[in-house]
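The values are calculated or read from the model by the stated rules, or taken from the named source; none is laboratory data. Source: prediction; values computed, not measured. Note that we place each Cβ from the backbone using ideal geometry, even for glycine, and neighbour counts take in every protein chain shown. Keep in mind that these areas ignore ligands, DNA and RNA; they rest on the heavy atoms of the full protein, side chains included. Shrake-Rupley method; radii C 1.70, N 1.55, O 1.52, S 1.80 Å.
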Amino acid sequence: MSEKSALPVNVGIIMDGNGRWAKKRLLPRSAGHDAGMKRIIKLVRHACEIGVKYLTLYALSTENLSRPKEELEGLYNLFRTYFEKYAPELLKENSAVKVIGDLSALPEDVAEKMRSICSRSPENPQFTVVFAVNYGSRAEIVRAANFACELGGKMTEQSFSRLLYTADMPDPDFIIRTGGELRLSNFLLWQAAYAELYFTDVLFPDFTDKHFDKAIKDFCGRTRRFGKV
């Protein structure tokens, strides 16, 4: 099929640039993360309103855990606030919240808040926001490979995919990276095999709904062949 693309079902966002946003304003990095979280809250609602079904946000990578303790604690506090104050509002609006990644390395109260919200999500939601937290695609693939070894027998692409964190959701059609870097940084490497990519220099806290709409318009104008003529 070589038709113009319809609206993407699952949009992944590598939310880069919070620290540089703060630095430009002579603020601590924590201020950048706070501004980024405020942008998430608005962007989630906008994505739902325009008809995107899944928004998958790279919130904390496995590599990010090596950052200074003070910065990490600031991020954990933002997670506490989001999952206590804002996430329940989404559930009331028939939206689901999902977290992918290894939560065992997080403070127990943060992990428990995340698990609690996810467990209360509706079964047939209108929209799903997915947070990738302590997530790394290579670690995810190794984890799935170990499960496959335990199961024994041969794996197909489909059966292997069912062992990933994302087993119950569609692969991303479209991945946006803010902040000017041109790489995936260990985000959804297996799932992004045929995802369209979009890079922008805009730092994430400045990535407005209009910037998001511009990216979506770019996606909808592309021709996706999936290896066919």
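Among residues of the stretch 177-193 that are farther than 12 Å from ALA132 by Cβ and hydroxyl-bearing (Ser, Thr, Tyr), those with a Cβ under 9 angstrom from a residue that is part of a loop (DSSP other than H, G, I, E, B) and modelled with pLDDT of 95 or more, sequence gap 6+ or separate chain, pair up as THR178/MET15; THR178/ASP16; THR178/GLY17; THR178/THR200; THR178/ASP201; THR178/VAL202; THR178/LEU203; THR178/PHE207.
Tell me, which helices (runs of 4 or more DSSP H) lie completely within the stretch 16-93 with 2 or more residues that are surrounded by 13 or more Cβ atoms within 10 Å (Cβ to Cβ) and basic (Lys, Arg)? Result: 18-24, 29-50. Taking each residue of the stretch 206-218 that is over 19 Å from GLY36 (Cα atoms) and looking for partners that are in a helix (DSSP H, G or I) with beta-carbon atoms closer than 8 Å, six or more apart or interchain, yields ILE216/ILE50.
The numbered conditions (1) of a type in the set (S, T, N, Q); (2) over 17 Å from the mean Cα position of the chain (by Cα); (3) open to solvent by less than 80 Å² (accessible area, probe 1.4 Å) are all true for THR166 except (2). Taking the stretch 3-51 as the range and being within 15 Å of THR208 (Cβ to Cβ) and without any contact (Cβ under 8 Å) to a residue 40 or more places away in the chain as the test, the residues that pass are ARG45, GLU49. Check the stretch 68-90 and report whether any residue there is touching a Phe, Trp or Tyr at 6+ places or on another chain (Cβ under 7 Å) and of a type in the set (Gly, Ala, Ser). Looking through the stretch 68-90, none of the residues is touching a Phe, Trp or Tyr at 6+ places or on another chain (Cβ under 7 Å) and of a type in the set (Gly, Ala, Ser).
Restricting the search to strands (runs of 3 or more DSSP E) fully inside the stretch 121-229 and requiring at least 1 residues that are at positive phi gives 127-135.
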